[in-house]
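Encoded as structure tokens, the structure appears first; notes follow it.
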Amino acid sequence: MHNAIKMMVLDCRAASNRNSIVYLFLVIDVLAVILFLTPVGDDSLFISFGALLGGTAMTLIVPFMAAAQRGLDALYALLPLRRRDIVNGHYLFGGLVAVSMGLNVMLLVGIMLLLQPSILTPEWLSRVIRFALMSPAMLLMMAAVEYPLLLRFGFDRAPQLVLLPLIGAGVGTGYLVSTGLQGIDLVSPQGVLAGTIVAVVVIAVFVVSLLLGRRLYERRSL
Amino acid sequence: MSMNEVNSDVAEENLITVTGLTKQYPEFALRDISFQLPAGYIMGMIGPNGAGKTTTIKALLDMVRPDSGQLTLLGGTTPAARVACRDDLGVQLDGSIYPDTWRVKQVAAALAPFFPQWDAALFADLCQDMAIPQKTKYKDMSRGTQVKLQLAAALAHHPRLLVLDEPTAGLDPLARDELLTRLQDFIADGQHSVLLSTHLTADLERIADYVLYIRDGRQQFFGHVDDLLGAYVLVKGGPADLTPALQAAVIGLRRYGEGFTGLLPAAAGDDLPATVVTEPITLEELMIYFGRGAHDAQRN
């Protein structure tokens, strides 16, 4: 686990991601808050959600793009890391990006509540929770579909192969989660159960993808 | 001495042992590569572009999986064991391995956590000695400076073994001379070794103890540099001197108006007519004539 964390940090450094994702969130958050103070009101949260999701989805594959452009897989091979540590690190990076997106949505909600506490209604809260749950789920599913392909082929060999399933996995998960939770009050016990089921399914798929990614990267020539 | 045999009286610990390494690609095959590198020596790997030098290095580093053969690196005989001894291994690869935006500081920050023996002061000294600019991004560095940065990082964690792929590429003569001196210092205590692949055979003649010559994925020879250079002579003579027997014995025969040149096993040089001149060979000539010989054999 220690090696996987070091590898995740290296992914962040390699992609200059630690800065770029922070800047991305910052810019979108500021725009969302400015829009919130205009007649657009609390719909700005849901508008910004789309922008956040698109930007964060691209961030998921930035380490693989950087690896393809600069031969970073060779660098990883020189480090005292087993190949499975490298794969674990990439998946940790994906998980971190997904969680960061969820936390940023919560931060944005908190700012809006501070600015205008009256927006807090049960219906609004349920809607916000749906989005907050959906965003990490979509990102984790995107990573789960994409990472094995990237680990097997590399971004340089198959960019289209990578981008199309990325979008498909995101949209598909968003649709399934959204329709699956339709009409369910997410603040109720039934809602908590539904949310838990979604989380368990997504995490299970992510873990299966991790195991597949390990096997594929183990066999790859660098 | 056999062309594929190293002095058998050496009792030193081998930091690298490769036996029967084979790797098949759709358009290229590396076949039956075998060599050893004892502690305290420098070994050069030579051969034309695409000969299989980099593939051999990649196999040693477990970047490719061999189809067959045994690899022992710093005592490690399995991929997991070889990864475990990475702290004792410094590597410089031919090509870029750092992100474009990294500077010297980022390279140190990124690599230090992985190597328990990382010596930040040594890395800073090496960067200063090699005149690596601190604030220049990796992508803006010259090819030679990129190589130097990789070398500084490779040396900064006090490895026992250095594996260098074309380390002199892009270096000016002064920097090349400094590098060769540094490598000689590195092995001086008899505990460290260097494996380097290069096109510059003059550099190897100066510092290498052993040489491995690969061509078209096949090992042409492996042995001590002095033994190899002593085992062959360059022969030159007029057209009338080229008897059928001599023609059959000469490796990489080159004919021209005034006569011929070629390579001959040193033992065979004793029976030549007085009009045939024999001269000592250089590593570069050895490589060229062996290459020419293989080429002629293919044509015939």
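The values are calculated or read from the model by the stated rules, or taken from the named source; none is laboratory data. This one's a predicted model, so the numbers in the text were calculated from it and none came from an experiment. Note that each Cβ is placed from the backbone with ideal geometry, even for glycine, and that neighbours are counted across all protein chains shown. All accessible areas refer to the heavy atoms of the entire protein, side chains included, with ligands and DNA or RNA removed. Shrake-Rupley method; radii C 1.70, N 1.55, O 1.52, S 1.80 Å.
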Handout entry: If the convex hull is drawn through the Cα atoms of the protein assembly as shown, its volume per residue in Å³
Key = 177 Å³
Handout entry: Sum of -39500 (n - 2.57) over DSSP H runs of 4+, divided by residues of the protein assembly as shown (222 nm, nearest 500)
Key = -18000 deg cm²/dmol
Handout entry: Whole-number D in µm²/s for the stretch A:2-219 (Stokes-Einstein; Kirkwood sum over Cα pairs; 20 °C, 1.002 mPa s)
Key = 118 µm²/s
Practice task
Please report Rg over Rh for the stretch B:10-141, where both radii come from the alpha carbon positions and Rh follows the Kirkwood definition.
Solution key: 1.01
Fill in the blank from the handout: The answer for B:Leu212, listing residues at least 5 apart or on another chain whose modeled amide H is closer than 5 Å to its amide H, is B:Gly44, B:Met45, B:Ile46
Exercise for the section: Summarise the accessible area of the stretch A:2-219 (1.4 Å probe, protein heavy atoms) by the percent that is carbon and sulfur. Expected result: 72 percent
Practice task
Please work out the ratio of the alpha-carbon Rg of the stretch B:188-282 to 2.2 N^0.38 Å and round it to two decimals.
Solution key: 1.30
Problem - R0 of 56 Å, Cβ-Cβ distance A:Leu164-B:Thr275: FRET efficiency to nearest 0.05 - result: 0.15
Completion exercise
The Cα extents of the stretch B:70-168 along the principal axes, largest first and rounded to whole Å, are 41, 26, 22
Practice task
Under a cut-off of 13 Å between alpha-carbon atoms, report the aspartates and glutamates in cross-link reach of A:Lys6, not counting same-chain residues fewer than 8 places apart.
Solution key: A:Asp85
Practice task
Using only the alpha carbons, work out the radius of gyration and Dmax of chain B in angstrom.
Solution key: 21.1, 69
Fill in the blank from the handout: Quick shape summary for the stretch B:50-111, equivalent ellipsoid via Cα gyration tensor, semi-axes whole Å in descending order, reads 25, 16, 8
Fill in the blank from the handout: Excluding ligands, DNA and RNA, the carbon-plus-sulfur percentage of the accessible area of the stretch B:87-143 with a 1.4 Å probe reads 50 percent
Fill in the blank from the handout: Ordered by number, the residues of the stretch B:27-63 that have at least 30 Å² less accessible area in the complete protein assembly than on their own chain alone (1.4 Å probe) are B:Met63
Problem - Alpha carbon convex hull of the stretch B:173-237, projected area averaged over orientations, nm² - result: 6.2 nm²
